[in-house]
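Student: Dumping the structure here so I can ask a few things about it.
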Amino acid sequence: MKKNDNTIESDNREGEKDLCKEIINGIACREDLYQFFGHNDHSINKIHFSEVSQICKDKPCQLGIDEAGRGPVLGPMVYGISYAPLSQKQLLVDLGCADSKSLTEKKRDEIFDDICKHKDNIGWAIEVISPNVIANNMYRRTKISLNEISMISATNLIQEAIEAGVNVAEIYVDTVGKPESYQTRLKSIFPSIKIIVAKKADATYPIVSAASICAKVSRDHAIRAWRFREDDGIETEYGSGYPNDPVTKNWLSMNVDQVFGFPQLVRFSWSTAEQILESKALTVEWEKTEETFNEQKILKFFAKSPTKSSNVHTKKHPFFTERCLSNTNVL
């Protein structure tokens, strides 16, 4: 059966998307994160799913979604999900799941390890979105915003959890953009599932808090384990990675190449990075494309219509006569 143009375009996008992702297994505890992030290609997204337990396949589950690293100019943005049977809501509270930003790093690490230990009742997954992918999407001719990147990641993680066998009955999401429009979008994709999208959901719903912790701990290890392919001698004291951090700004100024720009750790599309490139990198002047005078224009195949008062019959161009094409008034 012949595919239409929309199907072909969709297939092409899927193929392009797959080239930018790598699915990795083998994270059983926090100690595995450093090795996981230290030995992989930083130019593509990385996805990890914990093994789905039988109880999460058999019992109705709640699923939470949150991210870490949305604002920094350095490093990946990590989207995380966590899921657990509805009957295990108290377990998340007992583990201390709360907004990751309100917890100390030590406490987040402890809770993450506890989540991994309770693998029979709690599952989780992350997508580590490369700085490279973020910048390239924002520089495309048809720009893909950070909100859109976020929503695509969240939707894909939900879909992949369902395909892996998780019996998802309820979804709770910490919003990006307007909660109402985001919720409507997810509801149109997953119409049979209860969905709540809300501001500060990570502080309201423990299942979202668990996702927040998985995302935050993973991003912290991604930054620590980052290996620069550009130069082994690059200084790794780059501060928090946020644009307003003086240490981060200084690191950016000290590690810009006049021709190639920044290492892959940097999101080129952030204004902080762009300003430093403008002041320290070489200016690129693009030559104008030479016009080709022998290029045919489509108007060449059409003759001018005679005026209404004229009885002159205009001969059809050979392009139409050779193909037995004639005028029509009905579409």
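Student: With a 10 Å radius around each residue's Cβ, average the other Cβ atoms per peptide and rank 128-140, 154-166, 250-262, highest first.
Tutor: Details: 128-140: 20.0, 154-166: 17.6, 250-262: 15.4.
For the peptides 128-140, 154-166, 250-262, the packing ranking is 128-140, 154-166, 250-262.
Student: Would you mind classifying region 89-231 by shape? Square roots of the alpha carbon gyration tensor eigenvalues, ordered a ≥ b ≥ c; an a/c under 1.5 is rounded, otherwise it is prolate if a/b is larger than b/c and oblate if not.
Tutor: Here region 89-231 falls in the oblate category.
Student: Here are some pairs, Lys89/Lys199; Lys57/Lys89; Lys107/Lys187; Lys89/Lys216; Lys107/Lys216; which of them have Cα atoms lying more than 23 Å apart in this structure? Numbers along the way, then the final one.
Tutor: On the way: Lys89/Lys199 20 Å; Lys57/Lys89 16 Å; Lys107/Lys187 34 Å; Lys89/Lys216 21 Å; Lys107/Lys216 12 Å.
Table pairs above 23 Å Cα-Cα are Lys107/Lys187.
Just so you know, all these numbers are worked out from the coordinates, no wet-lab data involved. Every value quoted in this text rests on a predicted model; they were computed, and no experiment measured them. Every residue, glycine among them, receives a Cβ derived from its backbone with ideal geometry; neighbour counts consider all protein chains shown.
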